[in-house]
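The values are calculated or read from the model by the stated rules, or taken from the named source; none is laboratory data. Remember, it's a predicted structure, so these values are computed and weren't measured experimentally. Note: ideal-geometry Cβ built from the backbone for every residue, glycine included; neighbour counts use all protein chains shown.
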Amino acid sequence: MQIESFRIRKFRNIQDSGEIELEQLTCVVGKNQSGKTALLRALHKFNPYDPDPYNITREWPRGERRDQNPKQVVCEVRFVLSKEEKEELSTIADKKITAKSVMITKDNEGSFEFKLIEQPDIFPDQLHPNDIDEVCKNLEEPSNSVAEQFKDVASESIKQVIRFAKEGKFSELSSLPEEHEEKLREAMTPGNPQPQHQHESDYITQYLNQLGEIGEAIQKEPTIKKKAHDYIISRIPTFIYMDDYREFQGTANLERLQSEDPEERSPDDETFLMILNLSGLNLDKLVEQGESEDSNVIRERQYDLDDAARSLTKDVAGRWGASEYGIEFRCDGQKFFTEIEEVDKNIGMIPLEEQSKGFRWFFSFDLRFMHDSGGTFEGCVLLLDEPGLHLHPGAQKDLLKRLDAYAKKNTLIYTTHLPFLIDLREPTRIRVINETENGAKISDDLGESGPEEKLTLQAALGMTASQSYLVAQRNLVVEGVDDFMIITELSNLFERSGLQALPDDVQLTASGGASEAVYMAIFMIGQDLEVVTLFDSDKEGRTQEERLKNKWLTRYKNAKSSTAFIGNLVGHDDKEDFALEDLFPEDYYLKKFQESHKKKMQIAGVNKFSLTGKGILCQRVNRACEKANLAYNKGSVAKLIRKDIVKMKNVDELPNGTKEKAKNLLENLSKLFN
């Protein structure tokens, strides 16, 4: 199962986070004390590597003590089912599983509940027919030595037992022995001690014993729902939380470590023992060998150290595309040393503690991840709380690349307030956490950022622009992340189709609305970069375009900059409003809206959605949402549109009318850079 979203309720400063959709790599941006740690901690406790139960006394929101409820669901997680898992669940249910995902909840007491989202009631709380047959197979019919009347009553009794078992009527089943004994005795042939009468009496004794055995067996046999529950819970991936990024120093006194009370060991000691475990080395054996003066024992110890170092090097070094390195272990008496050789630099072995801080951090981090993932490096949910805090900006950029590598075979969520750890080339990965009157809230709408979060994002934007001075001299600034996603993927599609796309050297930058597009354009112009700023053809877009052109561009008369309206570029009537969403037909956009807002519509009791009035498409959708008491998320719709475009092989697969509009947009944008 692969996690695709989660939701946290009633945990520290989080009342209800709302459902948080995840990418393979998701970045949660927020200031200190905003709830980032609480968010990851609550999710980690869902299925941690080491037991870590919820603690209602310490973790329930403060000031609400009287409302504490041990049955309160803390974490709700949605997973995508694999083909193998659906096949296994189909076997358990004895029905075809068509559901794509499962929702699993965990409450304060640690109890799991589940339901298939598209097939919520497919697992009945009763035994599987095959299990019933197996349990009841020893329930024998009477022989021909009994009277027909007695045989008929016995057969009806057996059928009733099997029926009650299959219907899950276990309490009624427990009352049948007394009832059936009375019926069978009334049906007995009179005239004791006739042989027929004796056979019937013996059968009653045998039948009652079998009923008792069946009752005991049924109590032990799991129901279909219980089997499905146990299977699904067993498939939950391991959640690994890391916030204490300890550096492995590489040296240790083995004898001291062996004699030390385990409860008094330092974090460095625990990390060192982890390394020994990963390398297949035994502390007691190393200490014993260190006390020996026998040359054979000394040689054996060095052989063990060499083999362990090679094994660890094979598992870790170079795995993430960083420079290759070799690990070497050596001992001098009870003193243990770790040394590293960076292969591509050919500079020989260097003690680990003399390596750069960034290298020691990455090395230690990889080893801890290897340990907590059971050596697999994959299939986990990695939760990294503020990684890279003590790394310099260059190393933080390297960390971003490392996180991409981790996320290829794991789902990774990390929190940060550092601009260098926000990859604005992947805006769909970014979530923002804000403090509100109702607790911490998480959103994928970057426009909802609080002041400090906006500063972080703006700083990341500024760094991206300034750092790309030599490779991105020409820039296109758009109003928002939605515009960024769709224009980028349309350009990629047109390029795949052999048609005019945006020039390769034009870099797109997303801002947080029309007013922030002005700010971003001014920043770039001040860096002597070529800038085209694209605005929606609406009231706000026209207002901000005029502000940029008349108030700022007149100050930079030699600046290579210009402005444009989407409506003009696609050939739309200049007097009518037009936004990027209007590139797509109304019916197509509504389909994507309904897909992305399905749950919200169900909660609001809205089955169909239709638009009325005039204006740009997103404004009409927003008016209809307000009328239906729905929260409209443009970003969710844009993500689905982007996914569609990514899958397309040719522009002819675009919805009706979109191809021509997109063609005009890209061609005219390209001309602005000529």
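What to note about this one:
- Candidates F535, F593, F565, filtered to the one that is touching a Leu at 6+ places or on another chain (Cβ under 9 Å), closer than 17 Å to A628 by Cα and of a type in the set (A, V, I, L, M, F, W, C): F593
- Test for E87: is it modelled with pLDDT of 95 or more, farther than 17 Å from D243 by Cβ, assigned by TED's automatic domain parsing to the domain that holds K408 and assigned to a helix (DSSP H, G or I): yes
- Residue within region 263-274 that is in contact with a Gly (Cβ under 9 Å, 6 or more places away or on another chain), in contact (Cβ under 8 Å) with a residue 12 or more places away in the chain and assigned by TED's automatic domain parsing to the domain that holds D307 present: yes
- The combined condition, being within 30 Å of E19 (Cβ to Cβ), modelled with pLDDT of 95 or more and not in a loop (DSSP other than H, G, I, E, B), is fulfilled by K106.
- Listed by first and then second residue, the pairs linking a residue in region 391-408 that is closer than 17 Å to M242 by Cα to a residue that is part of a helix (DSSP H, G or I) and charged (D, E, K, R), with Cβ atoms under 9 Å apart and 6 or more places separating them unless they lie on different chains, are L391/K357; L391/D398; R402/D366.
- Odd one out for E59, checked against (1) under 30 Å from E437 (Cβ atoms); (2) surrounded by fewer than 13 Cβ atoms within 10 Å (Cβ to Cβ); (3) acidic (D, E): (2)
- When residues of region 583-642 are limited to those that are in a helix (DSSP H, G or I) and among the polar types (S, T, N, Q), the one nearest to E489 (Cα to Cα): S636
- Residue match in region 108-115 (condition: small (G, A, S) and over 30 Å from the mean Cα position of the chain (by Cα)): no
- From the options G191, G250, residue that is surrounded by fewer than 14 Cβ atoms within 10 Å (Cβ to Cβ) and in a loop (DSSP other than H, G, I, E, B): G191
Conditions tested, residue by residue: (1) among the polar types (S, T, N, Q); (2) touching a Ser or Thr at 6+ places or on another chain (Cβ under 6 Å).
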residue: I487; (1), (2): no, no
residue: L493; (1), (2): no, no
residue: V506; (1), (2): no, no
residue: E516; (1), (2): no, no
residue: A521; (1), (2): no, yes
residue: M524; (1), (2): no, no
residue: F535; (1), (2): no, no
residue: Q544; (1), (2): yes, yes
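- Yes/no for K661 being in a helix (DSSP H, G or I), over 31 Å from the mean Cα position of the chain (by Cα) and assigned by TED's automatic domain parsing to the domain that holds K539: yes
- Checked against the criterion of being in contact with a Lys or Arg (Cβ under 8 Å, 6 or more places away or on another chain), at pLDDT below 85 and not aliphatic (A, V, I, L, M), region 490-511 has no qualifying residue.
Yes/no matrix, rows are residues, columns are (1) more than 30 Å from P124 (Cβ to Cβ); (2) assigned by TED's automatic domain parsing to the domain that holds F79; (3) not in a helix (DSSP H, G or I):
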position	(1), (2), (3)
H199	yes, no, no
Y203	yes, no, no
N209	no, no, no
A217	no, no, no
K227	no, yes, no
I232	no, yes, no
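- Pairs where the first residue, in region 610-627, is outside the structural domain of H572 (by TED's automatic domain parsing) and the second is modelled with pLDDT under 90 and surrounded by 15 or more Cβ atoms within 10 Å (Cβ to Cβ), C-beta under 9 Å, 6+ apart: none
Rundown of residues vs (1) free of Cβ contacts under 8 Å to residues at least 60 places away in the same chain; (2) not in a loop (DSSP other than H, G, I, E, B), yes/no style:
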| residue | (1), (2) |
| --- | --- |
| G18 | no, no |
| V28 | no, yes |
| A42 | yes, yes |
| Y54 | yes, no |
| R62 | yes, no |
| P70 | yes, no |
| V77 | no, yes |
| I92 | no, yes |
| K95 | yes, no |
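- For region 333-351, filtered to residues that are at pLDDT 85 or above and among the hydrophobic types (A, V, I, L, M, F, W, C), the residue that is surrounded by the most Cβ atoms within 10 Å (Cβ to Cβ) is F336.
- Flag if I14 is more than 27 Å from K600 (Cβ to Cβ), among the hydrophobic types (A, V, I, L, M, F, W, C) and in the same structural domain as R429 (by TED's automatic domain parsing): no
- Check on V481, of a type in the set (V, I, T), in contact with a Pro (Cβ under 9 Å, 6 or more places away or on another chain) and within 29 Å of D444 (Cα to Cα): yes
- Candidates are the residues of region 79-89 that are in contact (Cβ under 8 Å) with a residue 40 or more places away in the chain and not hydroxyl-bearing (S, T, Y); the one that is farthest from E21 (Cα to Cα) is E88.
- In summary, T563 fulfils each of the numbered conditions (1) among the β-branched types (V, I, T); (2) touching a Lys or Arg at 6+ places or on another chain (Cβ under 7 Å); (3) under 28 Å from E23 (Cα atoms) with the single exception of condition (3).
- When residues of region 560-611 are limited to those that are of a type in the set (A, V, I, L, M) and loosely packed, with under 15 Cβ neighbours inside 10 Å, the one modelled with the lowest pLDDT: I603
- Among the residues of region 518-545, the one identified as among the polar types (S, T, N, Q), outside any helix (DSSP H, G or I) and either closer than 10 Å to E479 by Cβ or not assigned by TED's automatic domain parsing to the domain that holds S670 (or both) is T533.
- Number of the condition not met by E134 [criteria: (1) among the acidic types (D, E); (2) in a helix (DSSP H, G or I); (3) within 30 Å of M1 (Cα to Cα)]: (3)
- Residue within region 469-490 that is at positive phi and either surrounded by fewer than 21 Cβ atoms within 10 Å (Cβ to Cβ) or of a type in the set (G, A, S) (or both) present: no
- One residue stands out in region 400-443 among those that are in a strand (DSSP E or B) and hydrophobic (A, V, I, L, M, F, W, C): the one that is farthest from M1 (Cα to Cα), namely A440.
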